[in-house]
């Protein structure tokens, strides 16, 4: 009987496991609530992926391509929308659930689309007009369904979208109509809780996390501008009514009036079984000078677990002490159970801009693979006191080298030695070199490392895949008086119609402003040696790197650079059970399928702009689809677009 | 022999026109990956110069200036071909292969006439 009982229990567990990993929906920005970006689909395989073709393609019309950087045209205007800050940035992963593909756009519209034809079912516009400038950026939407739906009642399934001015809209997933019972006629004003130094409205660019009937809402804002911007906070609200259930304040109470952000601007992940939500917490203001915040801010630049039903801290692990590099924890940690040393460990993998992959026990926060405090360089800026140590992770191997790559011979030659001369004038003491008045080499810097999409995991083989950028930037602090004079001149030049460039970011309220720029020569060529981006695979059971390859291609004036150079990447990978990785992310506006086992590119296809979001993988009526939002962002390349494109095998 | 010489320059003229057309197609088609780029503009310009150069060779016939134009045409073909390679445009590369063939044919007939 004991054996039978054991077998039954094993069978039940197995069935549960299978039902988890073989789900054919893509219900969340990160695939599922655990941020695994994994699909159990098996129709498209390494053998037949070469036959993949466009099944349907849709242009949403929600794109703004320029002009860029011309003061005479600023603020740029989008007809019917009003002023926009610049080119659009479409980082939204489509969802597939409720037999519908849902995607949000940089103009804050939701498109509900038939999954096999791309035909639009309905469009919801959350942002018909706005009085001030908007950023034209969107990172996704969320889907919620009542556990016990009331037949015949609307809004038993809802889609949530946020706007740049802090409004969270709840929409019926079947009809696209606002849910009247949610907040004020379908809208909750999250910005009503923006009460301390509201220098900007809370921007709801990212998807909200969902735990049972609770929405967990973070916000984005305007970085690098005010030291005393709104202090970081996260809200738990009722999915049906929009009523606030709880809030979590990130900055210590005695600092909130003078130090801002340390907010949660990226997506989050949820352990439904254990009732925990995981927050990637960003760095506080001033992003590059911490002399005004020498006290501990324990939750800043951390991964923090909250009890999702009450908002209490379960545990928190700070990943950068006294962050003065703006290396926010910037992606939802990936939750996965790891078999290690004969034990099953409920783990999470937190990718980071600094290239470390922190593998932690997700119930306790204890490292599965050790975190080692290592001495790092001291600051030479008056008033600053950099942390003497920072946490390093020897295993898994960092996604980027420990030190900035050397100078690119080609870029140096082409600029008649400019790269070498500039480098000699900067401070470079390796990882965590503090910003300085003469300029410090930062690698990786705020661009990363790994960006907001994080990695993907195959929970069966426990293989973790992540794309990472190798970008060198320079951080230079500017004394307040010097910056103010330069900024005044910039404003005068701009008023006179000159093509002026601001001297940096103001960081008002701080003794230092900051000038952050990528290390390029006069022709715009990177001054550091390639590769510029990689894709890596790790065995989480051992922490060992399985393979690491340059990924994507850099493009300049349309010319493709060699594949061995790779490309900086924004947007994450998705893994399928059949052993494929689907990923856009690269600067060359191509989407690719990669062999999970070897890292070889098996298929690629040109799309209208870089797909800077994670693709969604789903199966509908027996056919597997991979859908990409190809919208680009001007961080990486000027090309932006509005193409939603699905691929499938020929019928 | 004159007609065979025409075949070479004619091919270069055709290749220049095809290269320019390919460039215009690549420039205005959203999914070429090189649409709207300076690299394609460069190719279009170099293909138009190729047409001009080939016409000049026809008009000048023989002599030093014709030789200079032939040398410039060769550089144009190589440069545009390399640009096509880095733009990963099969159409542009094919057009330049045709142009190279025309140039070789022209030189071959020119040598034999001499």
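One table, with the values for the structure above:
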| item | result |
| --- | --- |
| Rg/Rg_globular for segment A:328-429, with Rg_globular taken as 2.2 N^0.38 Å and Rg from C-alpha atoms | 1.47 |
| Rounded to 10°, Cα long-axis angle of helix A:480-495 versus longest principal axis of chain A | 80 degrees |
| R0 of 60 Å, Cβ-Cβ distance residue A:361-residue B:14: FRET efficiency to nearest 0.05 | 0.30 |
| Within 10 Å of each Cβ in A:554-566, the average number of Cβ atoms from other chains | 5 |
| Among B:12, B:96, B:56: highest mean-square fluctuation, GNM of chain B, C-alpha pairs under 10 Å | B:56 |
| Of B:13, B:49, B:73, the one that fluctuates the most in a GNM where chain B has Cα springs shorter than 10 Å | B:49 |
| Tilt relative to chain B, helix B:38-60 - C-alpha long axis, 0 to 90 degrees, to 10 | 10 degrees |
| Nitroxide proxy distance, nm - points 7 Å out along Cα→Cβ at residue A:116 and residue A:296 | 5.9 nm |
| Separation between Cα centres of segment A:477-525 and segment A:349-421, rounded to whole Å | 27 Å |
| Gained length - residue A:649 relative to residue A:492, 0.36 nm times residue gap less alpha-carbon distance | 50.8 nm |
| Neighbour-count ranking [beta-carbon atoms within 10 angstrom, fewest first] of B:35, A:470 | B:35, A:470 |
| Full-extension gain in nm, residue A:598 to residue A:413, via 0.36 nm per residue minus C-alpha separation | 63.0 nm |
| Whether segment A:29-68 is rounded, prolate or oblate, judged on the alpha carbon gyration tensor where a/c under 1.5 counts as rounded | oblate |
| With Cα atoms, 0 to 90° folded angle of helix A:2-21 axis to chain A main axis | 50 degrees |
| Mean separation of Cα contacts under 8 Å, 6 or more apart, over the residue count of chain B: relative contact order % | 41 percent |
| Whole-angstrom gap from segment A:231-286 to segment A:583-613, using each part's C-alpha centre | 33 Å |
| Overall form of the protein assembly as shown per C-alpha gyration tensor (a/c, 1.5; a/b vs b/c) | prolate |
| Cα-projected label distance for residue A:385 with residue B:62, points at 7 Å along beta-carbon direction, nm | 9.0 nm |
| Residues B:62, A:139, B:110, sorted so that the one with the fewest Cβ neighbours within 10 Å comes first | B:62, B:110, A:139 |
| By average C-beta atoms within 10 angstrom, highest first, the peptides A:372-382, A:631-641 | A:631-641, A:372-382 |
| Global geometry of segment A:301-344, whether rounded, prolate or oblate, following the gyration tensor of its Cα atoms and the 1.5 cut on a/c | oblate |
| Segment A:439-457 versus segment A:84-107: alpha-carbon centroid distance in Å | 23 Å |
| Spin-label pair residue B:72/residue A:175, simplified geometry with 7 Å Cα→Cβ offset, distance in nm | 7.1 nm |
| Order of B:105, B:50 - criterion: other Cβ atoms within 10 Å of each residue's Cβ, fewest first | B:105, B:50 |
| FRET efficiency, residue A:485 to residue A:247 (Cβ-Cβ, R0 30 Å, nearest 0.05) | 0.15 |
| Förster radius 41 Å - calculated FRET efficiency between residue A:254 and residue A:403 (Cβ-Cβ, nearest 0.05) | 0.60 |
| Most to least packed among A:192-199, A:101-108 [average Cβ atoms within 10 Å] | A:101-108, A:192-199 |
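Read-outs throughout are calculated quantities, based only on the coordinates presented, and are distinct from any laboratory measurement. Because the structure is a prediction, the values reported are computed rather than measured. For neighbour counting, all protein chains shown are included, and Cβ atoms are generated from backbone atoms with ideal geometry for every residue, glycine included.
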